[in-house]
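Asker: Can you keep this structure in mind? I'll have questions shortly.
The values are calculated or read from the model by the stated rules, or taken from the named source; none is laboratory data. What you see is a predicted model, and the numbers here were worked out from it, not measured in a lab. Cβ placement follows ideal geometry from the backbone for every residue including glycine, while neighbour counts extend to all protein chains displayed. Please note that ligands, DNA and RNA were not included when accessible areas were found on the heavy atoms of the full protein model with its side chains. Shrake-Rupley method; radii C 1.70, N 1.55, O 1.52, S 1.80 Å.
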Amino acid sequence: TAGRNGGALMRIADVTQWFSPTSGGIHTYLRAKAQYASGRALDHAIVVPAESARSRVFHGSPLIEVPGVLMSRHSGYRLTARASRFTSVLDDLQPDVVVVHDATAHPRAIRDWARANGAAVVMVMVVMRAFLFFLGQLGDERLGREQEGCGAGRILQRDADNLSRVDDSSGDEIH
């Protein structure tokens, strides 16, 4: 499969906030996708938050880690509050397709990056409701929790409801 810039390989970048050594579903999915891509004409990379910036190989695909704040010692999940940490990696990778896996991964900034760079965007959102329940019930000061509720949860809920899909360069959005 040819890439958009005349390259021999189509470049795909998966971006997610919810990836850790102990994560289940997304970890399993990205492992299988990396293994699939390594045996085919796909140039695949994964971009996730971690303790510090570094790159390593994850089942045949580059795993690019950007700095993020620790959300849970138990799970190891980290979140990055700066969209620029993801978009600067995308500048380096220049993917043809960006797959955004959750509403906390700065989908609007990634959509804007993709439009400016001629790439397509696919958004996959599976566990947002469970995350919002977690925030609403337990909260977290690092996300700006208020005493009587979670402001971040309300913002994320709005984004989850309003951004069902971000489209490619056609500029169409489905709400």
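Asker: For A32, what charge total do you get from the other residues with a beta carbon under 13 Å from its beta carbon, if Lys and Arg give +1 and Asp and Glu give -1? Walk me through the numbers before you get to the answer.
Answerer: Numbers: positive: R31, K33, R40; negative: D14.
My count for the surroundings of A32 gives +2.
Asker: Let me ask you something else. Per residue, what accessible area does the stretch 7-91 have, given a 1.4 Å probe and all protein chains present, in Å²?
Answerer: Per-residue value: 49 Å².
Asker: Given H placed 1.01 Å from N in the peptide plane, which residues other than close sequence neighbours of V47 have an amide H under 5 Å from its amide H?
Answerer: Correct list: D14, V15, T16, I64.
Asker: Separate question: Select from the stretch 1-89 those trypsin sites (Lys or Arg not before Pro) which occupy a DSSP coil region and have at most 12 other Cβ atoms within 10 Å, ordered by residue number.
Answerer: In loop regions of the stretch 1-89 (DSSP not H, G, I, E or B), the sparsely surrounded trypsin sites (Lys or Arg not before Pro) are R40, R73.
Asker: Quick query: amide H of S72 versus all other amide H atoms, modeled in the peptide plane; which residues come in under 5 Å with a sequence gap of 5 or more or a different chain?
Answerer: Those lying under 5 Å, H to H, from S72 are Y77.
Asker: OK, next. Please say if the stretch 1-122 is rounded, prolate or oblate, where rounded means a/c under 1.5 for a ≥ b ≥ c the square roots of the C-alpha gyration tensor eigenvalues, and otherwise the choice is prolate for a/b larger than b/c and oblate otherwise? Numbers along the way, then the final one.
Answerer: Values: a/c = 2.05, a/b = 1.31, b/c = 1.56.
The shape class here is oblate.
Asker: 7 Å from Cα along Cα→Cβ at both R54 and D91: what's the point-to-point distance in nm?
Answerer: 2.4
Asker: Here's another thing I want to ask about it. Amide H neighbours of M123 under 5 Å, counting only residues 5+ apart in sequence or on other chains, H built in-plane at 1.01 Å?
Answerer: For M123, whose amide H was placed from the backbone, the distant partners under 5 Å are V100, V166.
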